Amino acid sequence: MIEIDNVSKWYLDFQVLKGCSTNVAKGEVVIVCGPSGSGKSTLIKCVNGLEPFQKGNITVDGISVGDVKTNLPKLRARVGMVFQHFELFPHMSVLQNLTIGQIKVLGRDEEESRVRAFKLLDRVGLHEFADKFPGNLSGGQQQRVAIARALAMDPIAMLFDEPTSALDPEMINEVLDVMVALAKDGMTMMVVTHEMGFARSVANRVIFMDRGEIVEDAKKDDFFGKPRSERAQLFLSKILHH
């Protein structure tokens, strides 16, 4: 579904990604972790063209992300993205946030879009909040709306960029519960997160990054059981003991 082949990226003279290669199969859940500044968020933003890259290739369902002929807005409609800070339209109701993309990008009529939106609001437990505005919701509720909005576009894969890091601790589980359900339903997912409990429960593989490189790309049990690199061992010893 997603193939990343020898991808490198620079910000001026600073190389933020260094020859990164991995792939994500259909229905697979891949966790991307590592210390701050290791390139995790940049890598997944390259997957749907939100960040350009200078070397290598990325294909999503056979479509080359870096090809100048690729229609990136059309591709992004097929690859759901959930950000750290929700990125909802504040001047639109929850329902409007879920229907506008369906109408404008997918060409659905208003009634079909509303039916799909309410089905997804049921799924994330927010049916009764359809007429509220994002500013009236808690952070956890806003993030669940953001997930529902991404799902409304019927994506072939979902990318999550630290979806719980801006949330109060008591709101984290309500978002993770939705993501666990998605994983169990077979959604293809790449998730940048520090939530190692979530990683242990749903991941097929774990990618560990440091200083722009993929240091480890291992099956979940191998990564948590005995990471090969000292850098990953140190990272896990710090993050699992808190």
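The values are calculated or read from the model by the stated rules, or taken from the named source; none is laboratory data. Here the structure is a predicted model, which means the values were calculated and not measured. In this analysis, Cβ positions are derived from the backbone assuming ideal geometry, glycine residues included, and neighbour counts consider all displayed protein chains.
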**Report entry** Tally, over the stretch 27-43, of residues that are closer than 23 Å to residue 73 by Cβ, surrounded by fewer than 24 Cβ atoms within 10 Å (Cβ to Cβ) and not small (Gly, Ala, Ser)
**Finding:** 1
Query raised in the report: Does residue 111 satisfy being without any contact (Cβ under 8 Å) to a residue 12 or more places away in the chain and either in a helix (DSSP H, G or I) or over 14 Å from residue 179 (Cα atoms) (or both)?
Result: yes
Requested in this report: Scan the stretch 147-169 for residues that are part of a loop (DSSP other than H, G, I, E, B) and not charged (D, E, K, R) and jot them down.
Outcome: 152, 153, 155, 156, 163, 164, 165, 166, 167
Report task. Within the stretch 142-194, track down each residue that is β-branched (Val, Ile, Thr) and touching a residue at least 40 places away in the same chain (Cβ under 8 Å). Result -> 145, 147, 156, 178, 188, 191, 192, 193
Query raised in the report: Taking the stretch 5-15 only, how many residues are aliphatic (A, V, I, L, M) and either modelled with pLDDT under 95 or surrounded by fewer than 19 Cβ atoms within 10 Å (Cβ to Cβ) (or both)?
Result: 1
Query raised in the report: What do you reckon, is residue 22 in a helix (DSSP H, G or I), touching an Asp or Glu at 6+ places or on another chain (Cβ under 7 Å) and in contact (Cβ under 8 Å) with a residue 24 or more places away in the chain?
Result: no
Report task. For the stretch 178-195, name all the residues that are surrounded by fewer than 19 Cβ atoms within 10 Å (Cβ to Cβ) and either in contact with a Leu (Cβ under 9 Å, 6 or more places away or on another chain) or within 15 Å of residue 165 (Cα to Cα) (or both). Result -> 194
Query raised in the report: Out of all the residues in the stretch 53-74, is one or more aliphatic (A, V, I, L, M), closer than 27 Å to residue 231 by Cβ, under 18 Å from the mean Cα position of the chain (by Cα) and not in a strand (DSSP E or B)?
Result: no
Query - residue 30 vs. criteria assigned to a strand (DSSP E or B) and either touching a helix residue (DSSP H, G or I) at 6+ places or on another chain (Cβ under 8 Å) or not aliphatic (A, V, I, L, M) (or both) - result: no
Query - Within the stretch 186-242, helices (runs of 4 or more DSSP H) holding 1 or more residues that are among the acidic types (Asp, Glu) - result: 220-225, 230-239
Query raised in the report: For residue 67, all conditions in the list (1) in contact with a strand residue (DSSP E or B) (Cβ under 7 Å, 6 or more places away or on another chain); (2) farther than 30 Å from residue 233 by Cβ; (3) without any contact (Cβ under 8 Å) to a residue 60 or more places away in the chain hold save one; what is the number of the exception?
Result: (1)
